[in-house]
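In what follows, a single structure is set out as structure tokens and then discussed.
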Amino acid sequence: MNEELSAFFDVPVGTMMLAIAFPAILLPTPNRLITNRWITIQQWLIQLIMKQLLSIHNTKGLSWSLMLITLTLFIGLTNLLGLLPYSFAPTTQLTVNLSMAIPLWTGTVVLGFRYKTKMSLAHLLPQGTPTFLIPMIIIIETISLLIRPVTLAVRLTANITAGHLLIHLTGTATLTLLSIHSTTITVTFVTVILLTILELAVALIQAYVFALLISLYLHESA
């Protein structure tokens, strides 16, 4: 059991690169005037997500729409990829999520200090703070700003990994109980199905939450 769990996290680099490139295959670019149903549903979902992510932005914020929708689709599809048999979700690796979170967070900080310098500095010291608490509040707010990319990456990694591990352990228990009791295996099998449905929702929600937080950080910065 321990060897199986360790193998769950030990993924070759080549496999990870293929898994990262796989979502692009699922999103074909329409090259015809009249599209099929899959392309129509794809465009409708993209418009719906963009409307939600950009509702807080002004006209200037519309320039980030391509980045935000690409980020949402990439994370969502890679999350769902891990639910396929004999597949792997790159978002279960903290390094992959940090490689997305750190550059995006750095960009929001740079934009904030470039276009809203006073407001960005003001966030480090809330209005009405007592004088004797000013040094401590500045340190706390600075730390909270610096750990934003870590929280983004850890949240995504923990949610996706926990769901996949739970399905893996429940599926292993189902195979183990296969020859013991029919009632028990029925309950565990139904549990696996319910967990899979739950993980489908979690995969999509976590992609939306990640992109939404980046959108909020951009709204604060520019």
Discussion item. Which count do you get for residues in the range 53-98 that are more than 23 Å from residue 165 (Cα to Cα), at pLDDT 80 or above and of a type in the set (Gly, Ala, Ser)?
Written reply: 1
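Yes or no, residue by residue, for (1) among the hydroxyl-bearing types (Ser, Thr, Tyr); (2) within 20 Å of the chain's Cα centre (by Cα):
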| residue | (1), (2) |
| --- | --- |
| 105 | no, yes |
| 131 | yes, no |
| 139 | no, no |
| 148 | no, yes |
| 153 | no, yes |
| 159 | no, yes |
Worksheet item: What are the residues in the range 129-157 that are small (Gly, Ala, Ser) and either exposed (fewer than 14 other Cβ atoms within 10 Å of the Cβ) or in contact with a Ser or Thr (Cβ under 8 Å, 6 or more places away or on another chain) (or both), if any?
Response: 144
Worksheet item: Restricting to the range 87-105, what's the tally of residues that are in contact (Cβ under 8 Å) with a residue 40 or more places away in the chain and outside any loop (DSSP other than H, G, I, E, B)?
Response: 12
Response to the item:
Picking from 50, 119, the residue that is surrounded by 14 or more Cβ atoms within 10 Å (Cβ to Cβ) and modelled with pLDDT under 85 would be 50
Practice prompt. Could you figure out which of (1) under 28 Å from residue 73 (Cα atoms); (2) open to solvent by less than 60 Å² (accessible area, probe 1.4 Å) isn't true of residue 208?
Written response: (2)
Response to the item:
Counting only helices (runs of 4 or more DSSP H) wholly inside the range 121-222, the ones holding at least 3 residues that are touching a strand residue (DSSP E or B) at 6+ places or on another chain (Cβ under 7 Å), free of Cβ contacts under 8 Å to residues at least 24 places away in the same chain and over 30 Å from residue 71 (Cα atoms) are none
Worksheet item: For residue 194, are the conditions met, namely being surrounded by fewer than 17 Cβ atoms within 10 Å (Cβ to Cβ) and at pLDDT 85 or above?
Response: yes
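The values are calculated or read from the model by the stated rules, or taken from the named source; none is laboratory data. No experiment lies behind these values; they were computed from the predicted model shown. Here the Cβ is made from the backbone with ideal geometry for all residues, glycine too, and neighbour counts use every protein chain on show. Accessible surface areas use protein heavy atoms only, side chains included; no ligands, DNA or RNA. Shrake-Rupley method; radii C 1.70, N 1.55, O 1.52, S 1.80 Å.
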